[in-house]
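Visitor: This is the structure, below, for whatever I ask next.
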């Protein structure tokens, strides 16, 4: 094997790890290249949403299920952590952990009846849960602050250093996002990921192979809810203010759109989908009057031309062009 072949083999075998390392290096240098706090704020928002979108992609893209209520778990994570820190004085990290545990238990109790449903019945059940959570956040004024929301949420701190500006939060949020990204990439290749892929293809066939279908779906649903809770808590402690309008059914649909645009079953697609949906309004602010129309047209165009998502679609296009080039060379 020639040195060139060895290098190619090494890059092929370790391409996932190398890609994560490359992303980490780029993100490490990003704040020094972009000193604008507004741009850093957008990047931080992408990191927060990416954590939730990866969890949702595992549930939708790998398990083949549908959830139209994941913003509810974002809201539970945000309000749970905020209320614990404001009213009990708990350390925000401990509050985040306790909230994630409570959200995991809540999602487990929700999953037991709802994941026995499928198709649009499951979608309606998750949507209904989101509506219930949103109504509680909106109406329970004494606890949640109602439409006025909660203010004065303490920021996170690391080794006594408060995470109270966009640059510090950048490093924290993207460190957690890369950890979750690595977790998602490894889980997709694990025995659970393979079991979920089998469940997504055919639940009856998966059960005949010894896969406990309901248990597998519940496990990935709880994991996705915990990741959404983590993202919600980060959101609360980053902006130190939350209100129910950030956790509506429209936000749940936005999360699903991020998954679909990036590519169902593509962890890297989650990063691309979250980035595109969050950045798109920034590019369209000059067309404020027609922003929603243009936004919708772009989304529909992507879904029509690349129904498998941007990452998978671009990979397929590159593969087809490569095969055509080889065929033309042979001729």
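The values are calculated or read from the model by the stated rules, or taken from the named source; none is laboratory data. No experiment lies behind these values; they were computed from the predicted model shown. Reconstructed Cβ throughout: ideal geometry from the backbone, glycine too, with neighbour counts over all protein chains shown.
Visitor: May I ask you to verify whether residue 153 is closer than 16 Å to residue 77 by Cα and free of Cβ contacts under 8 Å to residues at least 12 places away in the same chain?
Guide: Criteria not met by residue 153.
Visitor: Please verify whether the range 165-183 includes one or more residues that are surrounded by fewer than 13 Cβ atoms within 10 Å (Cβ to Cβ) and farther than 21 Å from residue 75 by Cα.
Guide: Yes; the residues of the range 165-183 include at least one that is surrounded by fewer than 13 Cβ atoms within 10 Å (Cβ to Cβ) and farther than 21 Å from residue 75 by Cα.
Visitor: Now for a separate question. Please find, among 79, 49, the residue that is closer than 16 Å to residue 173 by Cα and surrounded by 16 or more Cβ atoms within 10 Å (Cβ to Cβ).
Guide: 49
The rows are residues; the columns are (1) at pLDDT 95 or above; (2) within 18 Å of the chain's Cα centre (by Cα); (3) more than 13 Å from residue 237 (Cα to Cα).
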position	(1), (2), (3)
66	no, yes, yes
75	no, yes, no
82	no, no, no
95	no, no, no
106	no, no, yes
114	no, no, yes
118	no, no, yes
124	no, no, yes
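Visitor: Separate question: Quickly run through the range 219-264 and pick out the residues that are surrounded by fewer than 23 Cβ atoms within 10 Å (Cβ to Cβ) and in a loop (DSSP other than H, G, I, E, B).
Guide: 240, 243, 248, 264
Visitor: Answer yes or no: is there a residue in the range 50-61 that is within 13 Å of the chain's Cα centre (by Cα), modelled with pLDDT under 90 and outside any helix (DSSP H, G or I).
Guide: No: the range 50-61 contains no residue that is within 13 Å of the chain's Cα centre (by Cα), modelled with pLDDT under 90 and outside any helix (DSSP H, G or I).
Visitor: Would you check if there is a residue in the range 285-305 being surrounded by fewer than 18 Cβ atoms within 10 Å (Cβ to Cβ), closer than 14 Å to residue 45 by Cβ, at pLDDT below 80 and over 12 Å from the mean Cα position of the chain (by Cα)? Don't jump to the end; show me each part of the working.
Guide: Quick first cut of the range 285-305, residues surrounded by fewer than 18 Cβ atoms within 10 Å (Cβ to Cβ) only: 285-301, 303-305.
Next, only the ones that are closer than 14 Å to residue 45 by Cβ stay: none.
Within the range 285-305, none of the residues are surrounded by fewer than 18 Cβ atoms within 10 Å (Cβ to Cβ), closer than 14 Å to residue 45 by Cβ, at pLDDT below 80 and over 12 Å from the mean Cα position of the chain (by Cα).
Visitor: Give just the number: which of (1) buried (at least 20 other Cβ atoms within 10 Å of the Cβ); (2) within 19 Å of residue 223 (Cα to Cα) does residue 123 not satisfy?
Guide: Looking at each condition in turn, residue 123 falls short on (1).
Visitor: Just a yes or no: is a residue in the range 97-110 touching a residue at least 24 places away in the same chain (Cβ under 8 Å), farther than 18 Å from residue 52 by Cβ and crowded, with 18+ Cβ neighbours inside 10 Å?
Guide: No.
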